[in-house]
Amino acid sequence: MMPRPKFIAGNWKMYTTRAAAQELAAAVAKGLPANTAVRVAVCPPFPWLTAVADVLKNSPVALGAQNCHYEKEGAFTGEVSPQMLLDAGCGYVIVGHSERRHGLGESDALLNKKARAALAAGLSVIFCVGELLDEREASRTEAVLDTQLTNGLAGIPAEHLGKLVIAYEPVWAIGTGKVATTEQAQEAHAFIRRKIAGQFGENVASSLLIQYGGSVKPDNAAGLLSQPDVDGALVGGASLKADAFLAIVAAAG
Ligand code: PEP
């Protein structure tokens, strides 16, 4: 089996001005070690995508969006299609972030439509899953992940699975400063890999990148990234400072 590369992505959420976004992207691109084997992406807010794409041109830093619609075009006021994201220079889109699942009520069925449409359009999808605190405390973590993966990834054709990335993001760890222990992360990632093996086969599972997300910082990244089934990180808060984000990338290298 080929060793899996590490993949670090920054989710800028609804932060940055246009100028700050361009500055942050430039600092990340400039600070990336030459020939690093670590894959790196940044996901700015929609309005800054093309401005950041200009900055990242000729850099190995990929561009991602934080959400998309499942239709190509149409009367969907306020929505953005996968095809528009590609046109704006994106290679990635985050689907199913907990702030959309739980904050905006996006269902597994809706997220499944988004993931399938984005993959079919040619984007790579970072598909987020994760349990709430009360679900973990009720020992329901694996059941929750199982349902989110069964329903969220249903019907994805085999030829698109190479562009799928899973982000395990325990909801209680996102933006709280309360990171999962390395054991908790490894246990959940190993479960996700076994689940994907059952759903799509061993080959898909063994090459699947599974990121951890939830209060990843420079001082806890190395421990998490050293776990055998942790292939990278989806970073929120710490991705808004180039130094912190680059330190997490360095911990992956
Ligand atoms: C996220 O937004 O996906 C995230 C993990 O946020 P934070 O790193 O701030 O917890």
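The values are calculated or read from the model by the stated rules, or taken from the named source; none is laboratory data. Remember, it's a predicted structure, so these values are computed and weren't measured experimentally. Positions of Cβ are backbone-derived with ideal geometry, glycine not excepted, and every protein chain shown enters the neighbour counts. For the accessible areas, the whole protein counts, side chains as well, though only heavy atoms, and no ligand, DNA or RNA atoms are used. Shrake-Rupley method; radii C 1.70, N 1.55, O 1.52, S 1.80 Å.
Here are some notes:
- Matching residues, the stretch 106-116, being over 13 Å from Leu164 (Cβ atoms) and more than 16 Å from the ligand (Cβ to nearest atom): Ser107, Asp108, Ala109, Leu110, Lys113
- Taking the conditions (1) out of contact with any helix residue (DSSP H, G or I) (no Cβ under 9 Å at 6 or more places or on another chain); (2) open to solvent by 30 Å² or more (accessible area, probe 1.4 Å); (3) of a type outside the set (Lys, Arg); (4) in a helix (DSSP H, G or I) in turn, Thr176 satisfies each one other than (4).
- Within the stretch 218-252, being within 12 Å of the ligand (Cβ to nearest atom) and charged (D, E, K, R) holds for one residue alone: Lys241.
- Of everything in the stretch 166-191 that is of a type in the set (A, V, I, L, M, F, W, C) and away from the ligand (no atom under 16 Å from the Cβ), the residue that is farthest from Ser139 (Cα to Cα) is Ala190.
- The residues listed here are Gly122, Gly91, Gly103, Gly31; of these, the one that is closer than 26 Å to Ala221 by Cα and either under 19 Å from the mean Cα position of the chain (by Cα) or within 16 Å of the ligand (Cβ to nearest atom) (or both) is Gly91.
Yes or no, residue by residue, for (1) open to solvent by less than 10 Å² (accessible area, probe 1.4 Å); (2) closer than 21 Å to Gly177 by Cα; (3) among the β-branched types (Val, Ile, Thr):
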{"residue": "Gly198", "(1), (2), (3)": "no, no, no"}
{"residue": "Asp219", "(1), (2), (3)": "no, yes, no"}
{"residue": "Pro228", "(1), (2), (3)": "no, no, no"}
{"residue": "Phe245", "(1), (2), (3)": "yes, yes, no"}
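- Matching residues, the stretch 197-217, being over 13 Å from Tyr168 (Cα atoms) and more than 16 Å from the ligand (Cβ to nearest atom): Ala197, Gly198, Gln199, Phe200, Gly201, Glu202, Asn203, Val204, Ala205, Ser206, Ser207
- The sole residue among Val55, Val80, Val42, Val95 that is closer than 19 Å to Leu208 by Cβ, out of contact with any Pro (no Cβ under 7 Å at 6 or more places or on another chain) and aliphatic (A, V, I, L, M) is Val95.
- Residue within the stretch 82-90 that is out of contact with any helix residue (DSSP H, G or I) (no Cβ under 7 Å at 6 or more places or on another chain) and open to solvent by less than 40 Å² (accessible area, probe 1.4 Å) present: yes
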